[in-house]
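Please treat every number below as a calculation from the coordinates, not as lab data. Remember, it's a predicted structure, so these values are computed and weren't measured experimentally. As a convention, Cβ positions derive from the backbone with ideal geometry for all residues, glycine included, and neighbour counts pool all protein chains shown.
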Amino acid sequence: MSKIVRVTDDNYKIIVQNGGTITLDTTDDANDNTGEVIITGDLTVRGVTTTVESTVTTIKDNIITLNAGESSAGISASLNQQAGIEVDRGSLAKGRFVWDDSISWSAGGDNGVGLWTSTNASDELHPIRTNGIWNNNSIYFNPGTTGTLSVTNTPDYEEQIFTYVGANIVDGGSGVVKDDDNIPNVKALVDYVAFSQSNLFQARIEDGTSTKTFVEAKDFETTGQESKIELSIDGSSTFNIFSNRTELHNIQINENQISTLNDDSTNKDLVLSAGGLGNVRIDDGLIVTATPFQAEDAGAPGSNPPDEGVKLYGDTENTGNTGLYFVNSNSTNDEIISNNRALVYGMLF
């Protein structure tokens with residue numbers, strides 16, 4: 001039969017000797033962990049240590065407050081400014097998940113003091129395992145001045161980023177990227193650059209298929225030929241830039257010299273012309289070189305009259321006293337006479 005102690009007009013207090021023990025036994029002294037103690041009001045424990053030996057603890061409170069009654073700014077009850085949960089691991093160091101007020105932080109323009117940290121009893125940091133971190137804004141990482149963000153312990157992580165066959169990235173027809181939102185590691189980037197160079201990179205800018213128009217840079221270390229930048233239009237090499245000269249159609253510019261290409265077998269003239277009523281103007285002295293002429297010339301200029309007009313050339317000075325000669329389209333070939341020599345001839349003849 002149940003027994004009830006009812007005190008309706010005052011408090012009820014049980015006192016034992018100093019340092020004694022009060023035991024509430026629901027096992028009939030069997031100590032078999034049966035029975036139940038029910039407290040219908042609040043429970044206040046004023047001792048130093050509270051020990052719970054039950055294997056399952058159920059708490060309906062949705063918030064558990066640690067370091068309750070703190071009156072200063074921060075966690076003052078602990079020398080290391082921490083409060084949290086500690087896990088006894090037997091012979092291994094205890095595990096802790098604590099709020100650490102000794103850590104200052106800044107991220108995205110915000111800053112503050114205090115962070116949740118996972119440590120052991122010696123304050124050595126431990127990793128946290130989770131299948132995701134969710135934030136409704138940016139997520140900031142701070143690896144310090146010498147740290148990195150690494151996937152070291154994930155074997156062949158790059159194969160989760162790109163499609164591989166063996167050690168190489170391949171495109172089976174649906175692209176090489178497995179998921180547009182995956183973050184690559186350095187190995188994946190190195191392999192993708194190699195794949196791009198071999199499969200996607202275009203060595204020259206081009207258009208067309210058969211007679212292509214393109215711009216291409218050719219380097220000696222790659223081609224074994226003289227380095228140059230080539231512009232080809234409809235399959236015809238039109239413009240070439242070398243380290244010491246420029247070739248445009250059949251014109252070559254070499255330092256301060258403009259000439260037709262030496263390998264040009266068409267014997268085309270170098271033509272200077274001005275449109276409309278304009279003239280070809282020379283704002284400095286004009287030098288006409290004398291023989292010997294260029295090796296590719298078929299003979300002396302006088303033996304090659306122009307198809308029309310007059311050709312001027314320099315040669316050994318003769319009776320005209322100038323060394324300036326002409327040959328016209330009628331094959332008339334003679335030295336242009338100087339003013340002084342013309343006066344002498346006028347008096348003689």
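Mind pulling the angle between the C-alpha long axis of helix 339-348 and the longest principal axis of the chain? Nearest 10 degrees, somewhere in 0 to 90.
The two axes meet at around 10 degrees.
Gaussian network model of the chain, Cα springs within a sub-10 Å range: biggest mean-square fluctuation belongs to which of Tyr192, Tyr140, Tyr12?
Tyr12
Which trypsin sites (Lys or Arg not before Pro) in the stretch 1-92 sit in a loop by DSSP (not H, G, I, E or B) and have at most 10 other Cβ atoms within 10 Å of their own Cβ? Numbers along the way, then the final one.
Details: sites: Lys3, Arg6, Lys13, Arg46, Lys60, Arg89; in loops: Lys3, Arg6, Lys13, Arg46, Lys60.
Those that pass, being in a loop and sparsely packed, are Lys3, Arg6, Lys13, Arg46, Lys60.
Compute the FRET efficiency between Asp179 and Gln225 as 1/(1 + (r/R0)^6), taking r as their Cβ-Cβ distance and R0 = 56 Å, and round to the nearest 0.05.
Step by step, r from the Cβ atoms, then E = 0.80.
Could you list log10 I(q)/I(0) for the stretch 100-149 at q = 0.13, 0.23, 0.25, 0.29 Å⁻¹, which the Debye formula gives when each Cα is one point scatterer?
At q = 0.13, 0.23, 0.25, 0.29 Å⁻¹ the computed log10 ratios are -0.41, -1.31, -1.41, -1.35.
Tell me what the chain gives for mean residue ellipticity at 222 nm when only DSSP H runs of n ≥ 4 count, each as -39,500 (n - 2.57), the sum divided by the residue total, rounded to 500 deg cm²/dmol. Don't jump to the answer; show the numbers that get you there.
Values: 3 runs with 24 residues, N = 349.
Estimated from H runs of four or more residues: -2000 deg cm²/dmol.
Please give, to one decimal in nm, the separation of the simple spin-label points placed at Tyr12 and Asp171, each 7 Å out from Cα toward the Cβ.
8.4 nm
In nm, to one decimal, how far is the modelled label at Ile4 from the one at Lys268, with both set 7 Å along Cα→Cβ?
12.3 nm
Summing +1 for each Lys or Arg and -1 for each Asp or Glu, what net charge is found among the other residues whose Cβ lies under 14 Å from the Cβ of Glu36?
Numbers: positive: none; negative: Asp25, Asp28, Asp32.
Every neighbour counted, the sum reads -3.
Could you compute the FRET efficiency for Arg245 and Ala300, with r as their C-beta to C-beta distance and R0 at 30 Å, rounded to 0.05?
Working: r = 28 Å, r/R0 = 0.94.
Once rounded, the FRET efficiency stands at 0.60.
Between Ala107 and Glu159, what is the FRET efficiency for a Förster distance of 35 Å, r being their Cβ-Cβ separation, to the nearest 0.05?
Values: r = 32 Å, r/R0 = 0.91.
Between Ala107 and Glu159 the formula returns 0.65.
Pulled fully out, how much extra length does the chain show between Trp116 and Thr211, if you take 0.36 nm times their separation in residues and subtract their Cα-Cα distance? Don't skip to the end; give the middle numbers.
On the way: separation 95, 0.36 × 95 = 34.20 nm, distance 6.72 nm.
Working it through step by step, the gained length comes to 27.5 nm.
Under a crude label model (7 Å from the Cα following the beta-carbon direction), how far is Ala30 from Ile336 in nanometres?
So the two model labels end up 13.8 nm from each other.
Find how much the distance from Gln202 to Ser329 grows on full extension, using 0.36 nm per residue of separation minus their present alpha carbon separation; answer in nm with one decimal.
Result for the pair: 40.4 nm of gain on full extension.
For the stretch 174-191, in order, what is each residue's ³J(HN,Hα) by Karplus, 6.51 cos²θ - 1.76 cosθ + 1.60 with θ = phi - 60°, in whole Hz (x at glycine and Pro)?
10, x, 9, 7, 7, 8, 4, 9, 6, 8, x, 9, 4, 4, 5, 5, 4, 5
So if I restrict to the alpha-carbon atoms in the chain, what is the Rg, and what is Dmax, the biggest pairwise distance, in Å?
Both quantities, over Cα of the chain: 49.4, 170 Å.
Could you sort 341-347, 118-124, 22-28 so that the peptide with the highest average Cβ count within 10 Å comes first and the rest follow in order? It would help to have the intermediate numbers written out before the result.
Values: 341-347: 11.0, 118-124: 13.6, 22-28: 8.4.
Per-residue Cβ counts within 10 Å, averaged per peptide and sorted highest first, yield 118-124, 341-347, 22-28.
Using the reciprocal of the averaged 1/r over all distinct C-alpha pairs, how large is the Kirkwood radius of the stretch 208-278 in Å? Don't jump to the answer; show the numbers that get you there.
On the way: mean 1/r = 0.0712 Å⁻¹.
About 14.0 Å for the stretch 208-278.
For a quick check: sort Glu335, Glu206 by the number of other beta carbons within 10 angstrom, fewest at the front. Mind dumping the intermediate values first?
Values: Glu335 19, Glu206 13.
The most exposed by this proxy come first: Glu206, Glu335.
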